[in-house]
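In what follows, a structure is listed as structure tokens, so that the remarks can point back to it.
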Amino acid sequence: MTGALDGLKVADFSRVLAGPFATMMLADFGADVIKVERPSGDDTRSWVPPVDDYGVGTYFSSVNRNKRSITCDLGTDEGLAAATEIAMEADVMIENFRPGVMERYGLDYETLHAKRPELIYCSITGFGSTGGASLPGYDLLVQAVGGLMSVTGSPDSEPSKVGVALVDVVTGQNAVVGILTALRALDHTGTGQRVEVNLLSSLLSGLVNQASSTLATGQAPQRMGNAHPSIAPYETLKTSDGPLAVAVGTDKQFQALTRVLSVPELGTDSRFADNSSRVAHRDELKSLLEGQLQNKSAADWASLLTDEGVPAGKVNSVVEALGLAETLGLAPVVEIAAEDGSRTSQQVANPIRLSGTPAEYRRVPPLLGEHSGASFSGPS
């Protein structure tokens with residue numbers, strides 16, 4: 001069985017997270033990805049610790065499986081010639097250099113499109129290619145200036161970043177969507193095009209209801225901890241041993257919650273009769289619910305509530321989260337072995353499930369320059 005993207009040749013000139021995440025997603029479904037690295041390697045190769053059993057940085061490994069790595073010094077004739085050959089053979093090229101860099105080497109969209117009109121060329125930037133072209137595109141910075149930190153954290157805490165580089169991940173997903181959309185258009189037109197995604201626009205789109213409310217009201221939303229601005233109770237609540245996430249989205253679920261907690265009278269209380277009323281009286285409701293929740297552990301309450309159709313769960317560690325996915329039959333972890341048996345790598349599985357052409361895990365994250373000399377038409 002071949003992959004859904006079998007035969008697609010991707011030249012990956014990106015580094016760090018958003019671009020490598022996008023090319024890994026394509027590679028999982030069969031695309032042949034050649035990662036073109038500078039002699040010192042992708043920045044994340046040096047973002048250690050932690051490292052795996054073979055000394056490879058886990059940050060780099062998380063987004064670079066199923067690829068081949070070659071090194072090219074674009075400042076030399078030999079290196080530039082090798083990089084240009086890769087670009088000219090590719091169906092898709094993806095890069096996240098500062099504006100002007102690719103033009104300097106003749107690897108920009110306009111130059112390559114003139115020579116290879118069918119090429120899909122994806123550029124990832126922090127703040128676009130116009131007024132923000134010179135701004136550095138780091139996830140933390142974008143979370144700050146893009147508004148995400150302003151709505152993350154408790155009301156009495158300082159603004160907080162999300163615990164992972166979420167903006168990079170969302171941007172990488174948008175890059176995949178843009179590339180696949182452009183490939184579909186290529187089927188009809190025979191002509192490639194430029195795909196542009198940037199971290200700030202990806203974040204603003206990802207703010208969804210928070211951005212929508214701002215546009216409608218002119219008021220910026222505030223930090224609410226784990227509470228939801230439009231739903232209650234939809235937050236973490238204290239139990240005898242730790243927090244419990246309760247996500248009540250309907251009146252029926254609220255009625256079930258009050259029964260399980262042995263306070264059915266709250267279900268008929270006018271303050272909590274419907275969601276709008278519960279939102280208006282969220283502090284009173286939280287206090288009453290937490291008073292009942294002190295009788296059992298978060299795990300016990302999660303089990304009891306889930307059995308009655310109330311969305312609830314204890315706040316897991318990452319170890320516990322992986323274990324939960326395993327017990328649910330989601331097969332969250334795959335182990336990839338190098339062809340020569342020299343090393344293995346445990347990876348979080350691709351989240352997209354295709355019934356006919358599923359993701360495949362063919363190559364461990366490559367060592368720097370492991371496939372130097374390779375091209376799409378040359379040695380592997």
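The values are calculated or read from the model by the stated rules, or taken from the named source; none is laboratory data. This one's a predicted model, so the numbers in the text were calculated from it and none came from an experiment. Cβ placement follows ideal geometry from the backbone for every residue including glycine, while neighbour counts extend to all protein chains displayed. Accessible surface is based on the protein model in full, side chains and every heavy atom, while ligands, DNA and RNA are left aside. Shrake-Rupley method; radii C 1.70, N 1.55, O 1.52, S 1.80 Å.
Please work out which residue is nearest to T181 (Cα to Cα), limiting yourself to region 98-108 and to residues that are modelled with pLDDT of 95 or more and open to solvent by 40 Å² or more (accessible area, probe 1.4 Å). Here the answer is E103. Taken over region 88-100, the residue count meeting the criterion of being among the aliphatic types (A, V, I, L, M) and over 26 Å from the mean Cα position of the chain (by Cα) is 1.
For first residues located in region 164-183 and under 21 Å from V142 (Cα atoms), partners that are open to solvent by 40 Å² or more (accessible area, probe 1.4 Å) and lie 6+ apart or on another chain with Cβ distances below 6 Å form the pairs V170/G206.
Please state which one of T23, T44 is at pLDDT 95 or above and within 21 Å of E196 (Cα to Cα). Working first, answer last.
Values: T44 fails: within 21 Å of E196 (Cα to Cα).
Of the residues listed, the single one that is at pLDDT 95 or above and within 21 Å of E196 (Cα to Cα) is T23.
Once region 51-79 is narrowed to residues that are surrounded by 14 or more Cβ atoms within 10 Å (Cβ to Cβ) and among the acidic types (D, E), the residue that is modelled with the highest pLDDT is D73.
Criterion first (of a type in the set (S, T, Y), within 27 Å of L135 (Cα to Cα) and open to solvent by less than 50 Å² (accessible area, probe 1.4 Å)) does S202 satisfy it?
Working: of a type in the set (S, T, Y): yes; within 27 Å of L135 (Cα to Cα): yes; open to solvent by less than 50 Å² (accessible area, probe 1.4 Å): yes.
In short, yes.
The number of residues in region 137-158 being assigned to a loop (DSSP other than H, G, I, E, B), in contact with a Lys or Arg (Cβ under 7 Å, 6 or more places away or on another chain) and open to solvent by 50 Å² or more (accessible area, probe 1.4 Å) comes to 1.
The set of residues from region 344-380 being more than 19 Å from the chain's Cα centre (by Cα), under 23 Å from S46 (Cα atoms) and in a loop (DSSP other than H, G, I, E, B) comprises R363, V364, P366, L367, L368, G369, E370, H371, S372. Any residue at all in region 4-19 that's touching a helix residue (DSSP H, G or I) at 6+ places or on another chain (Cβ under 7 Å), among the charged types (D, E, K, R) and either open to solvent by less than 50 Å² (accessible area, probe 1.4 Å) or not in a loop (DSSP other than H, G, I, E, B) (or both)? Yes, the conditions are met somewhere in region 4-19.
Looking at L305, L244, which is the one that is under 29 Å from the mean Cα position of the chain (by Cα), surrounded by 15 or more Cβ atoms within 10 Å (Cβ to Cβ) and not aromatic (F, W, Y)? If you could, list the steps in order and put the result at the bottom.
Details: L305 fails: under 29 Å from the mean Cα position of the chain (by Cα).
From the options L305, L244, the qualifying one is L244.
Filter region 305-322 for residues that are among the β-branched types (V, I, T), under 23 Å from Q255 (Cβ atoms) and in contact (Cβ under 8 Å) with a residue 24 or more places away in the chain and give the result.
So in region 305-322, the residues among the β-branched types (V, I, T) come out as 306, 310, 315, 318-319.
Imposing the further condition that a residue be under 23 Å from Q255 (Cβ atoms) reduces the set to 306, 310.
V310, the sole residue that qualifies.
Checking the condition farther than 20 Å from G153 by Cα, open to solvent by 50 Å² or more (accessible area, probe 1.4 Å), modelled with pLDDT under 95 and polar (S, T, N, Q), which residue from T268, T191, T250 passes?
Details: T191 fails: modelled with pLDDT under 95; T250 fails: modelled with pLDDT under 95.
Just a single option satisfies the conditions, and that option is T268.
Screening A82 with (1) under 26 Å from A338 (Cα atoms); (2) over 28 Å from the mean Cα position of the chain (by Cα); (3) surrounded by fewer than 20 Cβ atoms within 10 Å (Cβ to Cβ); (4) not aromatic (F, W, Y) gives one miss only, at (3). Summed over region 32-50, the residues that are open to solvent by 10 Å² or more (accessible area, probe 1.4 Å), in a loop (DSSP other than H, G, I, E, B) and in contact (Cβ under 8 Å) with a residue 24 or more places away in the chain give a count of 2.
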